[in-house]
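FYI, it's all coordinate maths here, none of it is from the lab. Keep in mind the model is a prediction, meaning the values are calculated, not measured. Positions of Cβ are generated from backbone atoms using ideal geometry, with glycine treated the same way; all protein chains shown enter the neighbour counts.
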């Protein structure tokens, strides 16, 4: 049966608190400790794994944690077609979607990397990057590819279906929403199993159920889709 992805907004911004660690708990803790430490290590970190394993969520969580501390960061992903020059005010540079970089993005990422570790004020900035394969397998220019593999390299793993169900159940319980096994099966069968997408679906279901004063059931889900 064809799965559907929902084009709706996130219920909340990606953060450490709303990331389910599961098999990636050690990576989550590592990033939390770094982001919360004023004396941050300049050792680069690279995250890799298949789509929907949480790479972008964690990168955005780091950016948000820095922002809450009043610290800015540079960001490049595949949608940033013309990245700006390195900014000395940044506390970190964050490079997402490295496997998709164009030649222009690769040049900018290399310049950011070099400037981050050789900052003019003598205080190296942190480099956090992510892609879908290990650094050695990236189809990038050699000087950037090798630098991405200089520091800590962590593989992220997608959640199992049991873990996805547990996260959905926990989030639904926190909202006071009852999800029957039948509804859970329907959600996992009919929609993208990406956890972020499932969280968005749950947020929309919660809002629609409140507006219509109905319980979350399969007919309610179908009604919500028909009214969208």
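Would you mind calculating the gained length between residue 178 and residue 104 on full extension (0.36 nm times residue separation, minus the Cα-Cα distance), in nm to one decimal? Walk me through the intermediate numbers first.
On the way: separation 74, 0.36 × 74 = 26.64 nm, distance 4.88 nm.
So the extension gain works out to 21.8 nm.
Per-residue packing, averaged as other Cβ atoms within 10 Å, sorts the ranges 188-200, 93-105 into the order 93-105, 188-200, beginning with the highest. Extension gain, residue 226 to residue 153: 0.36 nm times the residue separation minus the Cα-Cα distance gives 21.8 nm. Can you tell me the 0 to 90 degree angle between the C-alpha axis of helix 55-68 and the longest principal axis of the chain, rounded to 10? With rounding to tens, the tilt is 70 degrees. Between residue 136 and residue 188, the distance separating the two model label sites (each 7 Å from Cα on the Cα→Cβ line) works out to 3.5 nm. Normalised by the number of residues in the chain, the average gap of Cα pairs under 8 Å and 6 or more apart makes the relative contact order 27 percent. To the nearest ten degrees, helix 218-227 and the longest principal axis of the Cα atoms of the chain are 70 degrees apart. Nearest 10 degrees, 0 to 90: what angle lies between the long axis of helix 103-117 and the longest principal axis of the chain (Cα atoms)? For 103-117 against the chain, the angle is about 70 degrees. Modelled spin labels at residue 213 and residue 162, positioned 7 Å past Cα toward Cβ, are 4.2 nm from each other. Ranking of 55, 29 by neighbouring Cβ atoms within 10 Å, starting from the fewest: 29, 55.
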